[in-house]
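Q: Before anything else, here's the structure in question.
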Amino acid sequence: MLIDKTVRDLLAAFASSDPTPGGGSAAALAAAVGTALLLMVASLSKTRSNSDEDRAALADARASLAAVRERLAESIDADTAAYDRVVAAYKLAKTTDEEKAARTAAIQAALRAATDVPLGVMRLSAKALDAAKTVEARGNPAASSDVGVAIALLRAGLEGARLNVDVNLGSIRDDAYTRAIADEVERLAHR
């Protein structure tokens, strides 16, 4: 699993000639690191005003961010697995009409799964960006650059995931599904 690799090994995996891990996993990783930085700032003992209100708001943000970080970490490997399913579907036999139909159905199902993972990364990135407002407003001002880096990483994760959703939507034949996803992507991309 990618999530269990050392940073050096993970970077080597991204740099290899293998198609996975790819951009979707990288987007999930960027968002996970951004979320982790927000968690760090929200966990600092000093807050903006050292008030009970700051501490309570940051505790709420931590709870939300911890769940988001975990799900983003899982998405790193989930994106790779989803892409591998797409590749496997394209390799299915297509000699007979039945094989062609089964292959087409498998490709469409795999493409939906490969769309769902980065769409989930977009949703999670947006949720973390919402929590970032609290961390930025109430966290230790000495950690403002950490919050800034976190926000930049979350935006990169959101945009990278959007690119992956868009590329998959172009091959999915269900117009109602693609319209619904495209509408959601548009809303999430402008957060």
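Q: Can you give the relative contact order of the stretch 1-103 as a percent, counting alpha carbon pairs under 8 Å and 6+ residues apart?
A: 34
Q: Mind ordering 103-114, 120-131, 169-180 by average Cβ neighbours within 10 Å, highest first?
A: With the highest mean Cβ count within 10 Å placed first, the list reads 120-131, 103-114, 169-180.
Q: Oh, and also: Multiply the residue separation of Ala189 and Ala15 by 0.36 nm, subtract the distance between their alpha-carbon atoms, and state the gained length in nm to one decimal. Walk me through the numbers before you get to the answer.
A: On the way: separation 174, 0.36 × 174 = 62.64 nm, distance 2.73 nm.
Length difference between fully extended and current span is 59.9 nm.
Q: Quick check: convex hull over the Cα atoms of the stretch 3-72, volume per residue in Å³, rounded to an integer?
A: Residue-normalised Cα hull volume stands at 92 Å³.
Q: Counting pairs of alpha carbon atoms under 8 Å apart in space and at least six apart in sequence, what relative contact order in percent does the chain give?
A: Averaging sequence separation for qualifying contacts and normalising by length gives 33 percent for the chain.
Q: Under unit Cβ charges (Lys, Arg +1; Asp, Glu -1), what dipole magnitude, rounded to 20 debye, does the chain have relative to its Cα centre? Provide the component values of the computation, followed by the final result.
A: Working: 24 positive and 26 negative charges, 51 e Å.
Approximately 240 debye in magnitude.
Q: Also, I was wondering about something else. Mind checking which aspartates and glutamates have their Cα closer than 13 Å to the Cα of Lys94? Skip sequence neighbours fewer than 8 apart in that chain.
A: Straight-line reach from Lys94, under 13 Å: no aspartates and glutamates qualify.
Q: Given Cβ point charges of +1 (Lys, Arg) and -1 (Asp, Glu) and nothing else, what value in debye, to the nearest 20, does the dipole of the stretch 1-56 about its Cα centre take? Write out the running numbers ahead of the final one.
A: Values: 5 positive and 6 negative charges, 30 e Å.
Roughly 140 debye, rounded to the nearest 20.
Q: In the calculated pair distance distribution of the chain, what percentage of Cα-Cα distances lie above 20 Å?
A: Of the Cα pairs, 58 percent sit more than 20 Å apart.
Q: Of the listed peptides 56-63, 152-159, what is their order by residue-averaged count of other C-beta atoms within 10 Å, with the highest listed first?
A: Going from most to least packed, we get 152-159, 56-63.
Q: In the chain, which whole DSSP H runs stretch at least 18 Å along their own axis (Cα) and average -0.5 or higher on the Kyte-Doolittle scale?
A: 23-43, 52-90, 97-138, 144-169, 175-189
Q: Can I ask one more? Charges at C-beta only: +1 for Lys and Arg, -1 for Asp and Glu. How large is the resulting dipole of the stretch 91-191 about its Cα centre, in Debye rounded to 20?
A: On the way: 15 positive and 14 negative charges, 27 e Å.
It comes to approximately 140 debye.
Q: Ok, one more. Under a 10 Å cutoff between Cα atoms, tell me which one of Ala89, Ala15, Ala28 has the largest fluctuation in the Gaussian network model of the chain.
A: Answer for the Gaussian network model of the chain: Ala15.
Q: Same structure again: Once the dipole of the chain is set up with Lys and Arg at +1 and Asp and Glu at -1 on Cβ about the Cα centre, which of Ala110, Leu154, Gly170 lies farthest towards its positive end?
A: About the Cα centre, the residue reaching furthest to the positive side is Leu154.
Values in this text are rule-based calculations from the coordinates and carry no lab data. Note that the coordinates shown come from a computational prediction; the quantities given were computed from them, not determined experimentally. Glycine gets a Cβ as well: all are built from the backbone with ideal geometry, and neighbour counts include every protein chain shown.
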